[in-house]
Amino acid sequence: MTLHNKVAVVTGGASGIGEAVTRIFVERGARVVVVDLQQEAGDTLVADLGDAVAFLRGDVSDRAVADRAVATAVERFGALDILVNNASASRVRPFTEQTDDDWKLALDTGLFATRNFMLAAYPELRKARGAVVNFASGAGIDGQPNQASYAAGKEAIRGLSRVVANEWAADQIRVNVVSPMAKTAGVAAWAEANPEQYALSAAKVPLGRFGDPREDVAPVIAFLASDDARYITGQTLMADGGAIKLR
């Protein structure tokens, strides 16, 4: 599988799963515009990966940032073939305690950021017959407690992705969704603080562990973005060790 000469925008691409996606994309021949708020992490990526990466510091909830990301891809690399909407933020509280600000945070950085980046990218993706990879979560599919705003936003992204997959099929743009379970830095910190709870959670996964962002999740996203997946659209692919089995 190759991404040779492909150009991608990856939101939240400087840390966690997003960083793993950025690195594997570059390894497979792509050039990447990374959109993230973490300047230091972005600078590290540029230092490590050189001219294959352009870093744009920005808040994905800002529509203007989506427009700048697409413009950067075209100005720096000449095209845009792939959009990966990875970034999102949320707060964990019971449904009855979640505030309007909690809902705004989850929806603005998740659902509406996904919408805005897709709209901004559409003209270039149409030229390239490109691919979009959006992110869902087991929190929404399985209804995890204390995740109402995040889960609602993630399930809305799945619905949006199915609609747009149908609408953009005429332009040969593929739109898919990945739902990962990965041991990111945040999960690793939680596991260290709560080893018994982590072990119980991992034991519920048929493969017996949380995935590695680089080895287990990023290659799935690279596949969906590549021409090897050219006949796949409108799907949710679970990269979660078998924890959730969609029907």
Per-residue SASA entry for Asp100, accessible area with 1.4 Å probe, Å² rounded to 10: 130
Interchain or sequence-distant (5+) residues whose placed amide H lies within less than 5 Å of the amide H of Val53 are Val32
Here, Arg247 and Asp228, labelled 7 Å along Cα→Cβ, have an inter-label distance in nm of 3.1
Over segment 1-114, the quotient of the Cα radius of gyration and 2.2 N^0.38 Å is 1.12
Neighbours of Val7 by Cβ distance under 12 Å: Lys/Arg at +1, Asp/Glu at -1, summed charge +1
Inter-probe distance in nm under a simple model that places probes 7 Å from Cα toward Cβ, at Val46 and Leu200: 4.5
Straight-line reach only, C-alpha to C-alpha below 28 angstrom: list the lysines that Lys204 could link to, leaving out same-chain residues fewer than 8 apart. Lys154, Lys183, Lys245
Run the accessible area of the chain with a 1.4 Å probe and give the carbon-and-sulfur part as a rounded percent. 50
FRET efficiency, 1/(1 + (r/R0)^6) with R0 22 Å, evaluated for Gln144 and Lys104 via beta carbons: 0.60
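Hey, with R₀ at 25 Å, roughly what FRET efficiency would His4 and Lys127 work out to, going by the Cβ-Cβ distance, to 0.05? Don't skip to the end; give the middle numbers.
On the way: r = 18 Å, r/R0 = 0.72.
Plugging the Cβ-Cβ distance into 1/(1 + (r/R0)^6) gives 0.90.
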Where only protein heavy atoms count, and the probe is 1.4 Å, what is the accessible area per residue for the chain in Å²? 47
Out of Pro219, Pro195, Pro180, a Gaussian network model of the chain with alpha-carbon springs under 10 Å gives the largest mean-square fluctuation to Pro195
Which whole-percent values make up P(r) of segment 150-247 when all C-alpha to C-alpha distances are grouped in 5 Å steps starting at zero? 3, 12, 18, 20, 19, 13, 8, 5, 2, 1
Estimated FRET transfer efficiency (Thr96, Ala189; beta-carbon r; R0 30 Å; 0.05): 0.65
What is the projected area of the convex hull of the Cα atoms of the chain, averaged over all directions, in nm²? 12.8
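The values are calculated or read from the model by the stated rules, or taken from the named source; none is laboratory data. Predicted, not measured: the structure shown is a model, and the values here were computed from it. We place every Cβ from the backbone using ideal geometry, glycine too, and count neighbours over all the protein chains shown. Side chains are part of the model used for accessible areas, which takes the heavy atoms of the whole protein and leaves out ligands, DNA and RNA. Shrake-Rupley method; radii C 1.70, N 1.55, O 1.52, S 1.80 Å.
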